[in-house]
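To start, the structure itself, in structure tokens.
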Ligand code: GAP
């Protein structure tokens, strides 16, 4: 399947099977904002839980918090986001459409031969790193890059554009203060560094994890849930002794890559991309890129943020944010290694990896199925229980089995349609196990379990089903 088709087919599948809907669809949608449906919400929650447990439950020295989205406006001044959280943009004078310069250039590169494209991308990275806006404009002009709407090359100069959304707090207009919707969850961790360290009696090195919504006024928002204006991040800040940051940066690069591989995705679908242009707070940074249907793109960042954030908050708040290290009897401002992964991007990665249109044709018969091969621990529904008929006491047996299992994992009951159609529907939802209750079950308490991936079926005692599924969906 061509990759363009694959992305379009995944989007259509997500809508048809209740994973992802365009936000406010009945009003023709809101650009780059999406809602998760009944199955998407379960998938997303399972991914979030797996990340949360991997961080907090599996590391003795990492704890999780849940900070508010609204923060004091000075936070964003201190963090550098008011002055620096901007991207170089360019407007097409004919269509009035605004582009992020790197996106415009990347889209152009996709239309030309690879060697020349790589050369342009390399040059672009250098110009971005040097904040050389005239150089970027010259590159766009020299290569006659066109606006996708007007088809012209009539461009403005390249300018910076801040990505934060602002709103007002306070009930009376004159007293209202401008505040921002957080563009990253990390700052909620920095401002709580001492609260957590003291109340949790944490000793360096230690980490604080958090998941939650972030908001960015992305100019070119495209690629389905890859780039959204409202999205969710899963971030962890790991506080270390100054001078040890390189060792911990390497540790977290490796640990995060292992987490990705633990999703059952093969190593050749990932690569690291070391940053040439570093964010204002970083001294080392890389992306973990996954091979999405539209090519290798960032899914996670690992950043060595130095002591930038804590020192800035110390300066702007006037409050001390240092740590007393009893091993060396010294106060210092810790350095920070950050791991930052987009939850929605991870959902998209898991969907891209799981989606398959499988040809099941034989010599006598054309056949196919669409299957989502989710890792069982992440599947929205773990077990479907399907009575062969709607009568003869079979539904009651099916309901009994569900009653035993549902405190432990998400089950689904269905009695309509032929069993073949019901299996195909569960394949399309990514349900790893289906159990069929038939007339023989009444005699011997045996049921048929059918495995999504192999489509193999076997007879097993009904009382074993709960533990069989529990064993297969274990996270650790
Ligand atoms: N605290 C550091 C930080 O926010 P980032 O590289 O800007 O770093 C981290 O973002 C991750 O958040 C990205 O790797 C990506 O997965 C996700 N992300 C960023 N912008 C996004 C957007 N507009 N839509 C969806 N996910 C996004």
Is it the case, given these coordinates, that residue 270 is touching a helix residue (DSSP H, G or I) at 6+ places or on another chain (Cβ under 8 Å), under 24 Å from residue 52 (Cβ atoms), within 16 Å of the ligand (Cβ to nearest atom) and at pLDDT 95 or above? yes
Answer yes or no as to whether residue 471 is over 29 Å from residue 16 (Cβ atoms) and assigned to a helix (DSSP H, G or I). yes
Going through 407, 376, 395 one at a time, which residue ends up being within 27 Å of the chain's Cα centre (by Cα) and more than 16 Å from the ligand (Cβ to nearest atom)? 376
Verdict on residue 308 being at negative phi, assigned by TED's automatic domain parsing to the domain that holds residue 191, more than 24 Å from the chain's Cα centre (by Cα) and within 14 Å of the ligand (Cβ to nearest atom): yes
Restricting segment 318-352 to residues that are in contact with a strand residue (DSSP E or B) (Cβ under 9 Å, 6 or more places away or on another chain) and assigned to a loop (DSSP other than H, G, I, E, B), which is farthest from the ligand (Cβ to nearest atom)? 320
Every residue from segment 26-42 that is in a helix (DSSP H, G or I) and touching a strand residue (DSSP E or B) at 6+ places or on another chain (Cβ under 8 Å): 40
State yes or no: is residue 297 more than 16 Å from the ligand (Cβ to nearest atom) and touching a residue at least 12 places away in the same chain (Cβ under 8 Å)? no
Need at least 3 residues that are modelled with pLDDT of 95 or more and touching a strand residue (DSSP E or B) at 6+ places or on another chain (Cβ under 8 Å) per element, so show me which strands (runs of 3 or more DSSP E) inside segment 150-265 make the cut, counting only ones lying wholly within it. 206-215, 230-240
Is one or more of the residues making up segment 188-209 within 13 Å of the ligand (Cβ to nearest atom), touching a helix residue (DSSP H, G or I) at 6+ places or on another chain (Cβ under 6 Å), in contact (Cβ under 8 Å) with a residue 24 or more places away in the chain and within 21 Å of residue 33 (Cα to Cα)? no
I need the full set of residues from segment 362-373 which are in contact with a strand residue (DSSP E or B) (Cβ under 7 Å, 6 or more places away or on another chain) and not in a strand (DSSP E or B), in order please. 373
Can you confirm whether residue 302 is within 16 Å of the ligand (Cβ to nearest atom), outside any strand (DSSP E or B), buried (at least 22 other Cβ atoms within 10 Å of the Cβ) and on the phi < 0 side of the Ramachandran plot? no
Before we move on, is residue 49 assigned to a helix (DSSP H, G or I) and surrounded by fewer than 16 Cβ atoms within 10 Å (Cβ to Cβ)? yes
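The values are calculated or read from the model by the stated rules, or taken from the named source; none is laboratory data. Given the structure is predicted, the values throughout are model-derived calculations rather than measurements. As a convention, Cβ positions derive from the backbone with ideal geometry for all residues, glycine included, and neighbour counts pool all protein chains shown.
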